[in-house]
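In what follows, a single structure is set out as structure tokens and then discussed.
The values are calculated or read from the model by the stated rules, or taken from the named source; none is laboratory data. Remember, predicted model here, so these are calculated numbers, not experimental data. Cβ: placed from backbone, ideal geometry, glycine included. Neighbour counts: every protein chain shown. Side chains are part of the model used for accessible areas, which takes the heavy atoms of the whole protein and leaves out ligands, DNA and RNA. Shrake-Rupley method; radii C 1.70, N 1.55, O 1.52, S 1.80 Å.
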Amino acid sequence: MNGADTAWIIVATALVLFMTLPGLALFYGGLVRARNVLSVFMHCYAIACLMSILWLVAGYSIAFGDGNAIWGGLGKMFLNGITADSLSGTLPEVLFFAFQMTFAIITPALIVGAYVERIGFGFVLLFSALWMLFVYAPVTHWIWGGGFLADGGIFGETGVKDFAGGIVVHETAGIAALLLAVFLGPRKNRTTPPHNPGIVMIGAAMLWVGWFGFNGGSQLAADGGAAMALTVTHISAATASLSWALWEKIKFGRASLVGIVTGTIAGLASITPASGFVGPVEALVIGAIAGVLCQEAVNVIRNWLKIDDTLDVFAVHGVGGIFGTIMIAAFGAGSWAAQLGSLIIVGVFTIVATSVLIMIVKAITPLRVDQETETNGLDLSVHGERAYEFNS
């Protein structure tokens, strides 16, 4: 065990949890109507709790167990055989478990942005549980757990390069979000502006800070690689923020606060897979393109395809993660066959598996709330609370 590595990953674990609670919750919560903000908080909070338990029960074993190239197996259920002295590299394995648990929390939480303001709470919990176990955990095993897409797998000695989750986190969550938006259909009122852009900015800022643990921690060591990952993460985020704002100014005559902070998230998602393989100049390029690319993806999905992916999960996270994964090959840090092949394999699997899970869960519990509940807002109708009591 290395004390410095252990200390850094303890901090990184806290930072990644901070991304979901409270960062993502505030970022998403500010973007919805005031009558639905608590439901967004509830979704993020409940998912964080449920994924933590399921990661202990079986998720970690499926992702990082000693099974075969496709399935990690169930040998490490409930951390069976793992003690405080067990090691994973230079880290206590229980710490590696906890660090990866925070990734298993935020990935299904990202999907929340696609279905806010109209989805049934029971559906959210059951779908998120099954999706994490049968989509996220297997894909994690394929790429990070020594599976068939990793080094020595179907792409030869050098497998896919995905440093912190361009495929594992962002592609899978983005595709699942888009599919759920299609199955759900659009909101009754799609034109309502964000109820609190200030909260959106605060949430985005928390995500930015937390992302240092997300990417810097994925080095799994306290060394120069972690420092470089942290640095390029920041550069990409800053550049994408400005390129998004500039593109807004060119197109609409003004740059918005919600726009610039959405650009931040686009830059962070895009650098995520590449953060362990590129330097600051490459990060500048990735961020500059991401701010424009993801903004145009928003336009395509909203206005061309007419899909109500409410908070643009696929356009920002899905497109950003896919773009960053491709840029690894473009900068010569990975093979084109492995990068593109893995994107296609995981993409097809996610589409099929997510669609099947939606159909199964929809048969058990309602997918969408009724029209009256949607009109009155999920906060009061589903949870019996209001975010803002102006008369109290």
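Here are the numbers for the structure shown:
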quantity	calculated
Phi to ³J(HN,Hα) by Karplus 6.51 cos²θ - 1.76 cosθ + 1.60 over segment 324-329, Hz, x for Gly, Pro	x, 5, 5, 5, 4, 6
Over segment 222-304, relative contact order from alpha-carbon pairs under 8 Å, at least 6 apart, %	41 percent
Sites Q371 and V281 - FRET efficiency at Förster radius 51 Å, r taken between beta-carbons, to 0.05	0.45
Per-q log10 I(q)/I(0), segment 40-166, q = 0.15 Å⁻¹ (Debye; single scatterer per alpha-carbon; no solvent)	-0.71
Inter-part distance where segment 223-249 and segment 303-346 are each reduced to a Cα centre, Å	18 Å
Phi to ³J(HN,Hα) by Karplus 6.51 cos²θ - 1.76 cosθ + 1.60 over segment 143-159, Hz, x for Gly, Pro	9, 9, x, x, x, 6, 9, 7, 4, x, x, 5, 9, x, 4, 9, x
Dipole-positive endmost among G156, T83, H43 within the chain (Cβ charges, Cα centre)	H43
Cβ-placed point charges (K, R +1; D, E -1), dipole of the chain about Cα centre in debye, nearest 20	1020 debye
Stretchable slack from L305 to I53, in nm (0.36 nm times residue separation minus alpha-carbon distance)	87.0 nm
Overall dimensions of segment 135-232 as given by Cα atoms, namely Rg and Dmax in Å	17.9, 51
For I119, residues with placed amide H under 5 Å, excluding near neighbours	V369
Accessible surface of segment 90-176, 1.4 Å probe, proportion on carbon and sulfur as whole %	65 percent
Accessible surface of segment 1-85, 1.4 Å probe, proportion on carbon and sulfur as whole %	71 percent
Estimated dipole of segment 165-314 in Debye, rounded to 20 [Cβ of Lys and Arg +1, of Asp and Glu -1, Cα centre]	620 debye
For peptides 243-249, 382-388, sequence by mean Cβ density within 10 Å, most packed first	243-249, 382-388
Net dipole in debye of segment 146-237 [+1 Lys, Arg Cβ; -1 Asp, Glu Cβ; about Cα centre; nearest 20]	660 debye
Choice from F103, F155, F323 with maximal GNM fluctuation in the chain (Cα, 10 Å cutoff)	F155
Dipole axis of the chain (+1 Lys, Arg; -1 Asp, Glu on Cβ), positive-most option in A315, T375, A297	T375
Ranked packing of 347-354, 37-44, most packed first, by mean Cβ within 10 Å	37-44, 347-354
Max mean-square fluctuation residue, GNM over the chain, Cα-Cα springs under 10 Å, options N68, N196, N215	N68
For the chain, accessible area per residue (1.4 Å probe, heavy atoms of protein chains only), Å²	37 Å²
With 10 Å bins from 0: P(r) over the chain, alpha-carbon pairs, percent	5, 24, 35, 25, 9, 1, 0
Percentage relative contact order, the chain, counting C-alpha pairs under 8 Å, at least six apart	24 percent
Around G334: net Lys/Arg minus Asp/Glu count, Cβ-Cβ under 10 Å	0
Convex hull volume of segment 190-338 per residue (C-alpha atoms, cubic angstrom)	110 Å³
Diffusion coefficient, µm² s⁻¹, Stokes-Einstein with Kirkwood Rh over alpha-carbon pairs of segment 1-106 at 4 °C and 1.567 mPa s	86 µm²/s
